[in-house]
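Data block below; observations after.
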Amino acid sequence: MSVKQYLCGPCLAEKAEIDGVVYCTECKEPLCAQCKQDHAKIKVSKHHKLCDLADVPPQEIQELLKNLIACPNHEKEEVVYLCKDHDMTCCNKCAMADHRKCEEVKVLSDILNDIKVDCTGLKIVLQDFQQQGERLLEHERNHEELVFQIENQALASLQIIKQKLLDIYAQLENVVLSSIADKKKVIGEKIKTNNDKARQFLNDIKQQSTYFEQVQNFGTNEHVVLLQRQLEKNSVSRLKSIIGDLEKGRSNSSFKCVEDTSVDSLLLEVKNSLRIEDCTCDVSETGSDTDNSPYKPYTERIPQLQYTKDLSIIPIFDKKKRPIACSCIWIDKYILIALHTVNALLVIDEASDFVLSKFICEVTPWSVSKTGPMDMVITLPHACTIAFAQLRYGNVHVITELKTRIPYYDVTRNVPLNQYICMSNSNGQIDILNNDGTLLREINISSDIKECAISIYSCCNFNAHNRVLIISNNRDTLMALTLNGEEVFEYKHEELIGPNQIAVDPCGNVYVTSYPLAIHQISPSGQCIRSLPFSNEIKSPVGICFNNTFDKIAVSGGNESGVNPYLQVYAFT
């Protein structure tokens, strides 16, 4: 311990402040050089133990030593005897008053002379207790981690069920709306045909009526009689036949929505599909109830290349411009890629080389993010705009556009809170928007996080598994932070080069692209799980996304120059 200023006790009693040079452990006070010499001359104190001031025990130890020697019954007296009959220490007063008739009352100093002080056994017992206590703490830490893992697995189960419900609803919606559209088309064509015939019939009637009125006004009675005879002979029978056909052919086809299965029963089954029950487990044992969970981190699955699409050979681009493939998303059976330089979104059917559609943007679509089963957000930072869109029958439909106060380069969605987290790479700023696009608040971030976010190709993704925002800065760093701006972890790896888009699996593991073509798999706590090697035929990965069932992963990018766009699809085995 550091030496503090200790004033000599005897001198201080004489109101003289002189620094002590030694400490008397029995008198419990510092001594100056002169008092030290006097201390050694006095008979009662010459055998007192002196120590350096640096070795003075802490105040709590001094108090402990004082309490150990103090008589429990007489505050100002020190214990002198040990009564073995009562197994207790006592001072002179106690010995005279309470222990005169006891057979074994020994003087403490005599006992110490007769026995050897050895605390080895007690120290061993205390060490055993310490080890047991540390094991208990370790057990509780491990159990806390186990509970955390079980909670995460339950959340992952909920997320998977939610995603499946959303996906099946999207499929049901597509089927129902497509069926409605087909039937409406047939019925609409029938109605249009009947309307055209009815209008033609009415025009014919109007024409005959006009002829009749004109002949009455300008002709003679003979003209009227002849016209009447002509109409009755020719037109009336024809018109009667036409009106009969119109009556027979009038529209009567319709459709109705029929529940083949009780929706309430299905919802009740979904509601009861998961439950939480109490159980007993011991993390010190091998295995646990959680080992049988189907929702395990994807640490053992190996990606196998399914196919590579060379997007540069697709004949839809301007030959003078070379498209650069950036972020990608996977919606239903389609993969969407944001293309720079040609300012377009490309929609590709995952099962073939067929490019389903191309959506032209007025400015560069910097990134595209999936925000729902069929929903997405397109960032247009050069126009200070973000566009909310849907994929319908393989085509991108913009629902609404929102003008923003600053340019947002990447947007991710906090689904539980129904909020959008928007990052401005040029400003190093992160904002949270309400579902209606209004600004909720700006996240207050440190200079380190701001430096990470300020890279022009930075990307972000909200990890709902542990409710943190993950940011990549296209250099060598991934950072995780809470929505209050507090850093959770920083991930750096010697093989992590140029990280771009981020994907998250249902267990919260983070996947990020790295140059050359490889993907880092990172645990929710920021630990490197492994680096997944991919085909080395093409370089510069940029975009990454999972399919709806998380058993396939798509990677988009280009060569070292950022051109010759490609798409690779891998399946986990």
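The values are calculated or read from the model by the stated rules, or taken from the named source; none is laboratory data. Given the structure is predicted, the values throughout are model-derived calculations rather than measurements. Cβ: placed from backbone, ideal geometry, glycine included. Neighbour counts: every protein chain shown.
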Report summary line: Within the stretch 41-61, the residues that are under 60 Å from the mean Cα position of the chain (by Cα), assigned to a loop (DSSP other than H, G, I, E, B) and among the β-branched types (Val, Ile, Thr) are Val56
Requested in this report: Tell me, please, whether a residue that is crowded, with 16+ Cβ neighbours inside 10 Å, within 27 Å of Cys90 (Cβ to Cβ) and modelled with pLDDT of 85 or more can be found in the stretch 5-15.
Outcome: no
**Report entry** Test for Glu490: is it surrounded by fewer than 16 Cβ atoms within 10 Å (Cβ to Cβ) and either touching a residue at least 24 places away in the same chain (Cβ under 8 Å) or over 16 Å from Ile421 (Cα atoms) (or both)
**Finding:** yes
Report summary line: In the stretch 430-458, residues that are in a helix (DSSP H, G or I) and among the β-branched types (Val, Ile, Thr) total 1
Report task. Identify, by number, the condition in (1) farther than 22 Å from Leu7 by Cβ; (2) over 60 Å from the mean Cα position of the chain (by Cα); (3) of a type in the set (A, V, I, L, M, F, W, C); (4) assigned by TED's automatic domain parsing to the domain that holds Val21 that Leu64 doesn't meet. Result -> (2)
Query raised in the report: Is it true that Val377 is outside any strand (DSSP E or B) and in contact with a strand residue (DSSP E or B) (Cβ under 9 Å, 6 or more places away or on another chain)?
Result: no
Requested in this report: Filter the stretch 340-378 down to residues that are at pLDDT below 90 and surrounded by 23 or more Cβ atoms within 10 Å (Cβ to Cβ), then give me how many there are.
Outcome: 2
Query raised in the report: Would it be correct to say that Lys93 is modelled with pLDDT under 85 and among the basic types (Lys, Arg)?
Result: no
Requested in this report: Within the stretch 402-419, track down each residue that is surrounded by fewer than 15 Cβ atoms within 10 Å (Cβ to Cβ), more than 17 Å from Lys162 (Cβ to Cβ) and out of contact with any Asp or Glu (no Cβ under 9 Å at 6 or more places or on another chain).
Outcome: Lys403
Report summary line: For the stretch 460-482, pairs from a residue that is under 11 Å from Asn414 (Cα atoms) and assigned by TED's automatic domain parsing to the domain that holds Pro506 to a residue that is modelled with pLDDT under 90 and aromatic (Phe, Trp, Tyr), with Cβ under 9 Å and 6 or more apart or across chains, are Val468/Phe462; Leu469/Phe462
